[in-house]
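Undergrad: Let me give you the structure first, and then I'll get to my questions.
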Amino acid sequence: MKAAGCSFVIVKATQGTTGTDPNFLSNINAANAAGLQTNAYHYYEAGTESEAKAEANHFISVLKQADVKGYVFVDVESNSTVDALDKETLTSEVNVFLDQLASAGYTKLGIYSNKSFYENNLDDASSALGCFSGWLDITPNLGSTPTFGSTPIRERLTGLPAA
């Protein structure tokens, strides 16, 4: 992938309070061996602040087994639990999740979401952390430029295996 022009990967680690991608560690190790910056994400399913904390603790337990060199993201997007929450509640819960990561020593934090969901369901102004607060919107096939926060990603995602 590095030869194809990629400089980083974002690898799914966990989902909810128990889900762990069985290939997470091997994917992180392979990416590190290839000289890529490694980043990880957790797919968020919590409906309460206590669930948000439990999900963060699960993510942290898996991250401790890996050598992630870049950002750790919480992937917040539409699902049946999240869709039932109002903007203030969801924002508060995501902040609890990020606070838990910060308390564990993680300083490169981010929120992964699509632009529309992020703008309509999370309150950027009420973020309790000075963390990266943006989105990764990969939709080049729809004619838009992928963005990482407000900075366009100049990476060409060629040479990736088919999903």
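The values are calculated or read from the model by the stated rules, or taken from the named source; none is laboratory data. Computed from a prediction, not measured in an experiment: that's the story for all the values here. All Cβ positions, even for glycine, are placed from backbone atoms using ideal geometry, and neighbour counts span all protein chains on display.
Undergrad: Give me the pairs: first residue in segment 62-83 and more than 16 Å from residue 32 (Cβ to Cβ), second residue surrounded by 15 or more Cβ atoms within 10 Å (Cβ to Cβ) and among the acidic types (Asp, Glu), beta-carbon distance under 8 Å, and six or more apart or on different chains, which are they?
TA: 79/45; 81/45; 82/45
Undergrad: Are any of the residues in segment 54-61 under 19 Å from residue 21 (Cα atoms), among the acidic types (Asp, Glu) and not in a helix (DSSP H, G or I)?
TA: no
Undergrad: Look through segment 107-118, keep the residues that are surrounded by fewer than 19 Cβ atoms within 10 Å (Cβ to Cβ) and assigned to a loop (DSSP other than H, G, I, E, B), and return whichever of them is modelled with the lowest pLDDT.
TA: 114
Undergrad: If we scan segment 13-33, do we find a residue that is crowded, with 17+ Cβ neighbours inside 10 Å, of a type in the set (A, V, I, L, M, F, W, C), modelled with pLDDT under 90 and over 29 Å from residue 80 (Cα atoms)?
TA: For segment 13-33, residues crowded, with 17+ Cβ neighbours inside 10 Å, of a type in the set (A, V, I, L, M, F, W, C), modelled with pLDDT under 90 and over 29 Å from residue 80 (Cα atoms): absent.
Undergrad: How many of the residues in segment 69-92 are buried (at least 22 other Cβ atoms within 10 Å of the Cβ) and either under 15 Å from the mean Cα position of the chain (by Cα) or assigned to a loop (DSSP other than H, G, I, E, B) (or both)?
TA: 5
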